[in-house]
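A quick write-up on the structure given underneath.
The values are calculated or read from the model by the stated rules, or taken from the named source; none is laboratory data. Remember, it's a predicted structure, so these values are computed and weren't measured experimentally. Note that we place each Cβ from the backbone using ideal geometry, even for glycine, and neighbour counts take in every protein chain shown.
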Amino acid sequence: MSAPAAKPKPRLNPVRVKVKEVEPSQRVKGFGEVIIPYTREEAIAEAQRCIQCGKPYCNEACPIGQDARGYIKLMAQGNFDEAAARIVWDNPLAECLGKVCYHFCEQACTIGKKGEPIAIRQLKRAALEFGKTPAPYDAVPKNGKNVAIIGAGPSGIMAAWSLGKMGYDITVFEGTKNLGGLMTMSIPGYRLTKGTFQKDLERMKNLGIDYRLGVRVGRDKNFEDLFNNGYDAVFVAIGTMEPQGIKIPGTQLPGVLSALDMLININTGQKVTMGKRVAVIGGGDVAMDSVRSALRFGAEKVTLVYRRSREEMPASDDEIAETQAEGIEFMFLTAPLEVLGKDRVAGLKCQKMQLGEPDESGRRRPVPIPGSEFVLDVDTVILAIGQQPSLKGIPDIGIVVNKKGVIEGDPETGGTKQPGVYVGGGASVVHAMAAGRKAALSIDKFLRPAS
Ligand SMILES: Cc1cc2nc3c(=O)[nH]c(=O)nc-3n(C[C@H](O)[C@H](O)[C@H](O)COP(=O)(O)OP(=O)(O)OC[C@H]3O[C@@H](n4cnc5c(N)ncnc54)[C@H](O)[C@@H]3O)c2cc1C
């Protein structure tokens, strides 16, 4: 008997349905969104490119394990309602992630090996746009246990949502007047439009999460009091809200801004004073958002100063491409030496660098070229060097700050030295959410050991 005919392999289409953008000359005029969403037809065509791998590399690459393969299959059949329902099932910040996720799934996509990976982030967004938005979650019978969460960023929100759905009473203490952490406070409107987060929040409204805004633990409320106030467990999700400095002379001068403060002030409608000739120091995504925001804020010339080369830049490729298209000058292999000026910034003294041997980060170390100093003619310097957590008022319970500046507890559970206290965050929204979910599961195990 002849062997059964092998199943024909699906034909692989290596070319993505183009993700369109507003023309650079137009978009730099304001903070309007850059990406143009797919139409329904475009989304179906892109979803039909997916070959539905037997092993879902995309799902596995996602820190929260979103079933991308599953919802893309539904979209390919035109079933947007079920696709949307599947997305929000395990993702309380799906609307936001459809716009700002660093899409680790796309990096793992099999088609990416032969051509352009499936535009999974853009498809997630289309599913929620064209699918019937799932109704808010039903209220859940309470289980009598109370959990306090410190910080209403993606990590705290993921934990609140996960525990709220299990019947826990949740109180979230947030030091600022905003929900959403750095995600909503600092990501500019041209990437994350106002109102996106509200759609996510709406779905959680029946879970009875009590948000106490403007209450900073360690300043307005004692950490130690939380257990006396009837909380059975605590999740510390305080993120990385403190800008890091740089050790060069002149950073105290008026006209030197912290990138984080500037982005938060622009986003929350507070006053920002910026000159016309701006240098941004740094090479990560925050630096990209700073140069792009400065341009939109009226700067005439914006220069990015980065001490390594394009290859070592930690910013994502998407962001670098969008930034370069907007006409920003990238000055690679250039290190700042001193901010010049008497009463305010009058220039930035720099030095050219060359790459030496790799350092402990694995990237080639920048080495100064003697005699290559020069002065950049700028009136504003923005420092986008990185952020760190502020542990002020949080007792020493074994919170670790890892190499990325992110707070961690026990790698398996997120636990700390103090029973019932968990900790977590992430260098991306989806990683922060994964940490929030890990903590929620650990808290549930701690409070209901038999479950
Ligand atoms: C400019 C910029 C752009 C970014 N772009 C992207 C992007 O495109 N995609 C992406 O995935 N990630 C991006 N990120 C990273 C992402 O925003 C963070 O990884 C994520 O927000 C971390 O979440 P978190 O919950 O751990 O902490 P955070 O978002 O930092 O939230 C912590 C919260 O805790 C509060 N808090 C701190 N201390 C206390 C206290 N003692 N008491 C009460 N409340 C407290 C803070 O006010 C804050 O609201 C960006 C970050 C920045 C700065």
The lone exception for residue 263 - which of (1) more than 9 Å from the ligand (Cβ to nearest atom); (2) at negative phi; (3) not β-branched (Val, Ile, Thr) it fails: (1)
Conditions (1) closer than 30 Å to residue 418 by Cα; (2) without any contact (Cβ under 8 Å) to a residue 12 or more places away in the chain: number failed by residue 371: (1)
Hits in the range 157-191 - residues which are surrounded by fewer than 24 Cβ atoms within 10 Å (Cβ to Cβ), assigned to a loop (DSSP other than H, G, I, E, B), more than 7 Å from the ligand (Cβ to nearest atom) and at negative phi: 166, 177, 179, 188, 189, 190
The range 109-132, residues that are within 16 Å of the ligand (Cβ to nearest atom) and free of Cβ contacts under 8 Å to residues at least 60 places away in the same chain: 121, 124
Residue satisfying all of: in the range 427-451; within 11 Å of the ligand (Cβ to nearest atom) and assigned to a loop (DSSP other than H, G, I, E, B); surrounded by the fewest Cβ atoms within 10 Å (Cβ to Cβ) among these: 427
Residue check for residue 414: modelled with pLDDT of 95 or more, at positive phi and surrounded by 19 or more Cβ atoms within 10 Å (Cβ to Cβ): yes
Count - residues of the range 383-399 that are within 24 Å of residue 251 (Cα to Cα), near the ligand (Cβ under 10 Å from one of its atoms) and touching a strand residue (DSSP E or B) at 6+ places or on another chain (Cβ under 7 Å): 4
Residue match in the range 48-69 (condition: in a loop (DSSP other than H, G, I, E, B) and of a type in the set (Asp, Glu)): yes
Qualifying positions in the range 359-381 - of a type outside the set (A, V, I, L, M, F, W, C) and part of a strand (DSSP E or B): 364, 365, 366, 368, 380
